Amino acid sequence: MAYFERQKTSKNIMKLVYGDFEIGNKTKQTKEREDTDDSDDEEIGGLFKKVTSSQKKKHMEKEQLDHDECSFFYSLDKPNLRDWTKDTYKQIIINNFVTGKRSA
Amino acid sequence: MPAILHNDVLLYKGSNLFRQRLLLSTLSGRAIKIEEIRSTHDDPGLREYEVNLIRLLDKITNGSRVELSETGTSLYFQPGILVGGQINHSCCTQRGIGYYLEVLLALGPFCKEPLNAVLQGVTHHDLDVSVDKIKSAALPILLKFILVDDGLELKVVRRGAPPLGGGEIVFKCPVRRHLRPLQWSKWGLVKRIRGVVYALRVSPTMANRVVETAKGVMLNFLPDVYINTDQCRGPNAGKSPAFGISLLAETNDKTFYCAESKSVEAGTGDATLPEDLGRECALKLLDEIHRGGAVDSAFQWILALWMALGQKDVSECIVGPLSDYTIKFLQHLKEFFGVMFKLEVLSSDDDEMSSDDEEKTSSAQKVKMTCIGIGYVNISKRTL
C-alpha cells in the first residue's frame, strides 16, 4: 500500500520512472562529491556517523540487488487486501461491474 | 539501477531483474554483462533456475554466446539470432513454468519459425504467473497486437505443483514481421467471472469447498459467476499434492483481469483451508478490478514491450497504477532501445462513478502510457 501513497504524492510520474536517467551523468558526479564531503563533518561526538540520504539510497540499491524476480503487483510482500465485501469498499468498485448503478 | 555502458556492452550488477535483461538483450541484439551476482551471499552465483533460463534462450536462438565466470557471479551474454521453431524444455522446478513462458511469449512473434514449445515443470508457483493466467489474460493482449489469430495457442496438458512439478504445457505462437500500434483506452465493465479450481493429489472435496467461498464473494457483485473444477487424476496431477484457484474477470471490452491463489507447499508445516483460499483469491480479483486499466497488472510490462517494438506510430494505452516490476522494465526499455514512454497520471475520473469526494480519493489511479514504436522489424520474416 506504500506504493499507492508514493504515487499519490508524486505529481510527476515521469520523474518517478525515469528520474535517474533524465538527470544524466552530471549530477551523479556531484552527488558522489557530496558523499565525500558529508563523511567529514557529519560525525557525532567523533564516534558515530550520521547516515546521509545518499548513503541510505545506496543501501537500498544494495538490498535490491539480489531480489528474486517477480512480475506480480505485490511482488514479494504479502498484500494486505481490503475486505471488498464490506459496504463502504463495495461502493467503490461496484460501478466497475455491468450491474453497478448508472447516473444516466 | 542504471547500467554502465562500456564498449557497447551494458554492464549491470546483481541478480535482480535477470530475466528482463536477458530478454531485452536478446531482442535488441546488444551484449550484456552482469556482475556481482549474489556475490555476498552464502550461496553465491547464479541459481539453477537462472542457468535453466539461459539454456532455454540458447535453444531458441542461434549463435548466442554465454560466458560464466568460475564462481558463477559474473556473466557475459551475447545474444544470437532468434530462431524459434520446435523446442522441448524441461524447466527448473525452483520456479514456475510462467517464469519461462513469459519470456517465450515476449519473444515469440519475432522468431524466424513459429514457436512450438513443450515445457515441463511446475505449472503453478507462488512467485510466477500460472499457465492459466497467461492463457486467459496474456494471450488476448498479444492478439491485440497481431490482430489475426493463426495458431496462437496454449494448452495445459498436465498440471504440476511445487516442489516436484510434473506438469506439461504446449505453447504455439505465430510470427509477425511487425506489431501493430495499439490504442487502448477503454476497458469497459466487468460482465462475467470465470474460474478454474484444480485439485492435484488431494481430495476432490477441496476443490468444491474452494469454489463455494470464492463464488460466494463474487456473487455480491455479479450474478454471472461460473467456476469450473479440474480434478486431475493419475499422471495428469503431477508429482506433488496441491490445490488452487484462478479467477478471471472479463469486461465487455475484452479486458481480462486474473487473480490466483494456491495452497502452501506440502511439508512446510502450514496448512491451507480451502475456504480461506477461495476467499483470498476472490478478494485479490476484486483488488485487481479496483486497480483497473486495460490490462492485468502482471502483464503491464509485456504490454509496454510490445508497444515500444511496434511500427513507427503512436501507441496509447491506459493502465492501472504501475507495478514496481513495470517501472524497472520501462527503465530497461530506455537503456536497451532508447524508448521513453510518456506517462501521465489521469486526474480523478470524470465518470459518473466519482460523484462525491470520498469516492474520488479512493478510486485507483490510472496511468496513460504513450509511446512511438521504434519500428522493430522481424528480419527473418519476409513480406509476402
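The values are calculated or read from the model by the stated rules, or taken from the named source; none is laboratory data. What you are looking at is a predicted structure, and each value in this text was computed from that prediction instead of being measured. Cβ atoms come from the backbone with ideal geometry, glycine included; neighbour counts cover every protein chain shown. Ligands, DNA and RNA are excluded from the accessible area calculation, which covers all protein heavy atoms including side chains. Shrake-Rupley method; radii C 1.70, N 1.55, O 1.52, S 1.80 Å.
Going by the conditions given, is residue B:29 out of contact with any Phe, Trp or Tyr (no Cβ under 9 Å at 6 or more places or on another chain) and at pLDDT below 90?
Judged against the criteria, residue B:29 is not a match.
For first residues located in region A:50-66 and more than 27 Å from residue B:19 (Cα to Cα), partners that are surrounded by 11 or more Cβ atoms within 10 Å (Cβ to Cβ) and lie 6+ apart or on another chain with Cβ distances below 7 Å form the pairs A:50/A:42; A:52/A:38; A:52/A:42; A:54/A:31; A:54/A:34; A:54/A:35. Screening residue B:331 on (1) part of a helix (DSSP H, G or I); (2) under 30 Å from residue B:179 (Cα atoms); (3) open to solvent by less than 20 Å² (accessible area, probe 1.4 Å) shows it passes everything except condition (3). Of everything in region B:300-320, what is out of contact with any Gly (no Cβ under 8 Å at 6 or more places or on another chain) and either of a type in the set (D, E, K, R) or within 8 Å of another protein chain (Cβ to nearest Cβ) (or both)? Give them in sequence order. The answer is B:301, B:316. Residue B:349 fulfils the conditions (1) at pLDDT below 90; (2) open to solvent by less than 10 Å² (accessible area, probe 1.4 Å) except for a single criterion, (2). Inside region B:5-26, can you point out the residues that are more than 10 Å from chain A (Cβ to nearest Cβ), surrounded by fewer than 21 Cβ atoms within 10 Å (Cβ to Cβ) and either more than 17 Å from residue A:18 (Cβ to Cβ) or at pLDDT 90 or above (or both)? Those that are more than 10 Å from chain A (Cβ to nearest Cβ), surrounded by fewer than 21 Cβ atoms within 10 Å (Cβ to Cβ) and either more than 17 Å from residue A:18 (Cβ to Cβ) or at pLDDT 90 or above (or both): B:6, B:7, B:8, B:9, B:11.
The residues of region A:56-78 that are modelled with pLDDT under 80 and within 7 Å of another protein chain (Cβ to nearest Cβ), listed by number, are A:61, A:64, A:65, A:66, A:67, A:75. When we screen B:142, B:127 for residues that are closer than 21 Å to residue B:259 by Cα, touching a Pro at 6+ places or on another chain (Cβ under 9 Å) and of a type outside the set (Ser, Thr, Tyr), the only hit is B:142.
Within region B:82-97, restricting attention to residues that are more than 9 Å from residue B:125 (Cα to Cα) and in a strand (DSSP E or B), the residue that is most open to solvent (accessible area, probe 1.4 Å) is B:86. Across region B:264-289, the number of residues qualifying as more than 19 Å from the chain's Cα centre (by Cα) and open to solvent by 10 Å² or more (accessible area, probe 1.4 Å) comes to 15.
Here B:122, B:131 are screened, and the one residue that is among the aliphatic types (A, V, I, L, M), crowded, with 24+ Cβ neighbours inside 10 Å and free of Cβ contacts under 8 Å to residues at least 40 places away in the same chain is B:131. The single residue among B:297, B:323, B:261 that is more than 8 Å from chain A (Cβ to nearest Cβ), surrounded by 20 or more Cβ atoms within 10 Å (Cβ to Cβ) and not charged (D, E, K, R) turns out to be B:261. Has region A:21-31 got at least one residue that is open to solvent by 90 Å² or more (accessible area, probe 1.4 Å), of a type outside the set (Val, Ile, Thr), modelled with pLDDT under 80 and not in a helix (DSSP H, G or I)? Scanning region A:21-31, I find no residue that is open to solvent by 90 Å² or more (accessible area, probe 1.4 Å), of a type outside the set (Val, Ile, Thr), modelled with pLDDT under 80 and not in a helix (DSSP H, G or I), so the answer is no. Every test in (1) touching a residue at least 60 places away in the same chain (Cβ under 8 Å); (2) among the hydrophobic types (A, V, I, L, M, F, W, C); (3) within 22 Å of residue B:201 (Cβ to Cβ) is passed by residue B:92 save one, and that test is (1). Could you count how many residues in region B:336-347 are touching a residue at least 40 places away in the same chain (Cβ under 8 Å) and at the interface with chain A (Cβ under 8 Å from one of its Cβ atoms)? Total meeting the criteria: 0. Determine whether residue B:58 is surrounded by fewer than 18 Cβ atoms within 10 Å (Cβ to Cβ), in contact with a Ser or Thr (Cβ under 6 Å, 6 or more places away or on another chain) and outside the structural domain of residue B:239 (by TED's automatic domain parsing). Criteria met by residue B:58. In the set B:172, B:239, only one residue is more than 20 Å from residue B:264 (Cβ to Cβ) and either surrounded by 21 or more Cβ atoms within 10 Å (Cβ to Cβ) or touching a strand residue (DSSP E or B) at 6+ places or on another chain (Cβ under 9 Å) (or both); that residue is B:172.
Residues in region B:212-224: is at least one open to solvent by 80 Å² or more (accessible area, probe 1.4 Å) and in a helix (DSSP H, G or I)? Yes; the residues of region B:212-224 include at least one that is open to solvent by 80 Å² or more (accessible area, probe 1.4 Å) and in a helix (DSSP H, G or I).
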